[in-house]
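Here is the structure we will look at.
The values are calculated or read from the model by the stated rules, or taken from the named source; none is laboratory data. Keep in mind that this is a model prediction, so the values were computed, not measured. Cβ coordinates were reconstructed from backbone atoms using ideal geometry, including for glycine residues, and neighbour counts include every protein chain displayed. For accessibility, only protein heavy atoms count, side chains too; no ligands or nucleic acids. Shrake-Rupley method; radii C 1.70, N 1.55, O 1.52, S 1.80 Å.
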Amino acid sequence: RRPHHKPTGAQRCPASAGTTRPTAACGISAVVVTAILLGLRVVGRRSVAVQGLLSAPGAYPGLAGVPPRCGSDARATWLWMNPANFNATAPPLMTTTTPRRRRKRRPVFLVGCGHSGTTPALTLAAMHPQIWAYAPNAALEYSVKPTSFTRALVLPSLRDDKTFDRLADRQKPAATAWLVKSPSNACRLGYIFRSLPTSRVVGLVRDGRDVALSLLERYPRADPAGPLCLGRWVNDNTVLLLYAKDPRLLLLKYETLFDTDDDDVERASLEASSAASARTPRYPQLERLFAHVGVDASLAPVLLRRQRTEPPETWRLAVNSDPLGTSSSSSSLGGRHAVVASDRHTALRTNQTARPFARAKPRWPDQMTPRLRRIIKSDHRALHLLVHFGYANTSHDW
């Protein structure tokens, strides 16, 4: 084993001549540096350029195969998001966990290309008594930044994971996991796994033809094949598949998320006056989701029944205050149209969280235009992913 050399205080800040106390200049410098780093952290929550600057101390070789753009509004990917050594032991300055200390709650990240069902899944997961969900804004999204979980640039107590634990202590003390949702975090899985090795990620996948239709409604002036629409579905899912063999990632298809093992039993259960008056249906995919994050999977039918039979105000996910300042800004690709699209998208999410969950039915067979069909069929990466996820066959005769 290689010896671990821990720098001493004298090495970090030499003492004045004839005394064991550090020099005053050294102490002032430490305060100034700390203030600058904290200031950059605050600004970095809003500025993509500052995010790149903050990522410099952890600039490792990037993971091969990461698209140049990924996530909301087709933002640029940075090296810190997907380091090649995401499974390696982090250096002392960048690590966020110590072997001797057990994490209080398991970190859980709900990711996937936008418009792939992450909002309904978050709303349902937040109903689970063992899951505390962070909902910082009306869009219910929290995007990971280069300073979110790293110790090099912030005091440990100021890291976002520590903040989530404190919020959960106040709002849901019995929770054994905290969960955050943002489609864009699919582009940051390397950083998440490297910084929080015990975390779990649930990646939702939806038919790219339906996602393209939905994104075109959000960005009506965008190029259908570009990085805001079909290209986004391709890029985001390409990144997810880079981690497909990692057991910390669970990929689920949105179309089957709320499927039951017996439709007749489910119907009888919903029509019954009490849950005990009918056999409880099973929801295999939801049970897989809950089991993956380490909470009681047997509560899946109870939560779905409650969501479908009780008024929304009894189960709707409440928006928390945003102590982390995580409201996202638009990229240069989206521009003013992205801001308008974001406002429209937020209104859609607000309405979506108040509706009972329903199985996702494909829209593309009836609503896809011949032009969009030709665009998708001419994109070999999109076709490959459609086949890979089981949405199309190799003949592409749809």
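How big is the dipole moment of segment 213-252 about its Cα centre under a simple scheme where the beta carbon of each Lys and Arg is +1, that of each Asp and Glu is -1, and everything else is neutral? Debye, nearest 20, please. All intermediate terms of the calculation are to be shown ahead of the outcome.
Working: 5 positive and 4 negative charges, 15 e Å.
Value, rounded to 20: 80 debye.
With a 1.4 Å probe and all protein chains kept in place, how much accessible area does M368 have, in Å² rounded to the nearest 10?
20 Å²
When the Karplus curve 6.51 cos²θ - 1.76 cosθ + 1.60 is applied with θ = phi - 60°, which whole-Hz ³J(HN,Hα) does each residue of segment 195-208 get, with x for Gly and Pro?
Ordered by residue, 3J(HN,Hα) equals 7, 10, x, 8, 6, 10, 10, 10, x, 8, 10, 10, 3, x Hz.
Hey, can you grab everything whose amide H is under 5 Å from the amide H of K253? Only 5+ residues off in sequence or another chain; H modelled, so Pro and N-termini drop out.
Long-range HN contacts for K253: V205.
Run the simple label-point estimate for D397 and R316 please: 7 Å along Cα→C-beta, distance reported in nm.
Distance between the two pseudo-spin positions: 4.8 nm.
Quick one: which residues, 5 or more positions from R69 or on another chain, have an amide H under 5 Å from its amide H? H modelled 1.01 Å from N in the peptide plane, none for Pro or chain starts.
T77
Full-extension gain between A84 and R308, please, as 0.36 nm times their residue separation minus the C-alpha to C-alpha distance. Working shown, then result.
On the way: separation 224, 0.36 × 224 = 80.64 nm, distance 4.37 nm.
Length difference between fully extended and current span is 76.3 nm.
Using the structure shown, list the pairs from K245/K361; K162/K253; K253/K361; K104/K172; K245/K377 with a Cα-Cα distance above 22 Å, or answer none.
Working: K245/K361 29 Å; K162/K253 31 Å; K253/K361 12 Å; K104/K172 13 Å; K245/K377 28 Å.
As for pairs spanning more than 22 Å Cα to Cα, those are K245/K361; K162/K253; K245/K377.
Counting only protein heavy atoms and a 1.4 Å probe, tell me what percentage of segment 104-145's accessible area is made up of carbon and sulfur.
Details: 340 of 620 Å².
That fraction is 55 percent.
Would you kindly derive the ³J(HN,Hα) couplings of segment 248-253 from the backbone phi angles with the Karplus curve 6.51 cos²θ - 1.76 cosθ + 1.60 (θ = phi - 60°), listing them in order in whole Hz, with x for Gly and Pro?
Listing the rounded values in order: 7, 9, 10, 9, 10, 8 Hz.
Would you grab the residues whose amide H sits under 5 Å from the one on A177? Only those 5+ places off in sequence or on another chain, please, with H modelled 1.01 Å from N.
Sorted by chain and number, the residues that satisfy this are R106, W132.
Have a look at segment 168-217 and give its Rg and Dmax from the Cα atoms, expressed in angstrom.
For segment 168-217, the Cα radius of gyration and maximum Cα-Cα distance read 15.2, 42 Å.
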